[in-house]
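Written out below as structure tokens is the structure these notes cover.
The values are calculated or read from the model by the stated rules, or taken from the named source; none is laboratory data. Being a predicted model, the structure only gives us computed values, none of them experimental. Don't worry about glycine lacking a Cβ; one is built from the backbone with ideal geometry, like all the others, and counts go over all protein chains shown.
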Amino acid sequence: MKKISIMLLFLIGSLGFFAQDDTLSQQVSKAQFLMESQFYPRLNTGVVSPNLKARIVFSGEHVLRSNLIFNSSNDTREILENGGSGVGSVETSGQQFLMSLGYEHLFSKKRFSPYLGFELLFGVGKNEIYGSRTDSLVFVADYNYSSKVSSTYIGGAVFSGFDFYVYEGLYVGSEIGLQLLNSKSARGEFKQMDASSTTDPEIITAIPEAKSSEIGVSGVGVIRIGWKF
């Protein structure tokens, strides 16, 4: 991943200084650089998903693109002592970082530009759980537990979308596609810490690795806002 990232930065740096055409209806003859962010209508879910996409347009219709996606979620719930004043909690968190390299074909060079394309995806992530003063179901004053599992991802997607130029270099758009994502969870560990135990205050159990494949629709409801430099 590090080598691919360096190659992408080198490519962007090499092409970013080319002169651009500010007239939307005129034939684009030189490479242009576009930068955009994407927003999803995920209100009140606790999921934060900042996205950043870089696009390089060649010959007005061929586009090389790279998408950076970071998903982060966190959830905490209290567990109260039955008939007492004790409070425990269970905190669940997850992070996922994905990067894609892809190609788009633009069908217009004017204000409205639909496109089709494909991309490869890869990334890493992790999921963690920490239970404080609980066994996850009831309050236990002297008991804590935790688990941590890391993951890797690889896949691909085909997609269709559009750009609509609102004013000069400013554009908005949307996109929808079909995505296949293979994930692998590495072997993790589940740690139990029982302060009341005099023989085994800490027990560590291995969590076996797991693999899964998922195919589904991507980009539903996404709003893209970008700028052509």
Fill in the blank from the handout: Of the residues in segment 119-148, those that are under 30 Å from Glu81 (Cα atoms), of a type in the set (Val, Ile, Thr) and in a strand (DSSP E or B) come to Ile129, Thr134, Val140
Handout entry: Filter result for Leu181 (in a strand (DSSP E or B), more than 30 Å from Phe229 (Cα to Cα) and out of contact with any Lys or Arg (no Cβ under 7 Å at 6 or more places or on another chain))
Key = yes
Exercise for the section: Being assigned to a loop (DSSP other than H, G, I, E, B), under 30 Å from Asp75 (Cβ atoms) and either at pLDDT 65 or above or among the small types (Gly, Ala, Ser) (or both) is the filter here, so list the residues in segment 28-58 that pass it. Expected result: Tyr40, Pro41, Gly46, Ser49, Pro50
Practice task
Identify the residue in segment 123-137 that is among the hydrophobic types (A, V, I, L, M, F, W, C) and modelled with pLDDT of 95 or more and, among all such residues, is surrounded by the most Cβ atoms within 10 Å (Cβ to Cβ).
Solution key: Ile129
Exercise for the section: Give just the number: which of (1) under 27 Å from Asn74 (Cα atoms); (2) crowded, with 18+ Cβ neighbours inside 10 Å does Leu106 not satisfy? Expected result: (1)
Practice task
Out of Ser196, Ser160, report the one residue that is among the polar types (S, T, N, Q), at pLDDT below 95 and farther than 22 Å from Val149 by Cα.
Solution key: Ser196
Exercise for the section: Inspect all residues belonging to segment 169-176 and state whether any of them is among the aromatic types (Phe, Trp, Tyr), over 24 Å from Asn67 (Cβ atoms), touching a strand residue (DSSP E or B) at 6+ places or on another chain (Cβ under 6 Å) and in a strand (DSSP E or B). Expected result: no
Exercise for the section: Please go through segment 157-184 and pick out each residue that is within 26 Å of Leu34 (Cβ to Cβ) and crowded, with 17+ Cβ neighbours inside 10 Å. Expected result: Ala157, Phe159, Gly161, Phe162, Asp163, Tyr165, Tyr171, Gly173, Glu175, Gly177, Gln179, Leu181
Fill in the blank from the handout: Scanning segment 192-207 residue by residue, the ones that are exposed (fewer than 15 other Cβ atoms within 10 Å of the Cβ), touching a residue at least 12 places away in the same chain (Cβ under 8 Å) and assigned to a strand (DSSP E or B) total 5
Practice task
Return yes when Ser151 is assigned to a strand (DSSP E or B) and surrounded by 16 or more Cβ atoms within 10 Å (Cβ to Cβ) and no when it is not.
Solution key: yes
Problem - Residue within segment 80-95 that is in contact (Cβ under 8 Å) with a residue 60 or more places away in the chain, in a strand (DSSP E or B) and not basic (Lys, Arg) present - result: no
Problem - Residues located in segment 59-72, provided they are at pLDDT below 90 and surrounded by 14 or more Cβ atoms within 10 Å (Cβ to Cβ) - result: Gly60, Glu61, Ile69, Phe70, Asn71, Ser72
Practice task
For segment 134-169, enumerate the residues that are over 13 Å from Gln192 (Cβ atoms) and more than 24 Å from the chain's Cα centre (by Cα).
Solution key: Leu137, Val138, Phe139, Ala141, Phe164, Tyr165, Val166, Tyr167, Glu168, Gly169
Handout entry: All positions within segment 96-110 that are in a loop (DSSP other than H, G, I, E, B) and of a type in the set (S, T, N, Q)
Key = Ser108
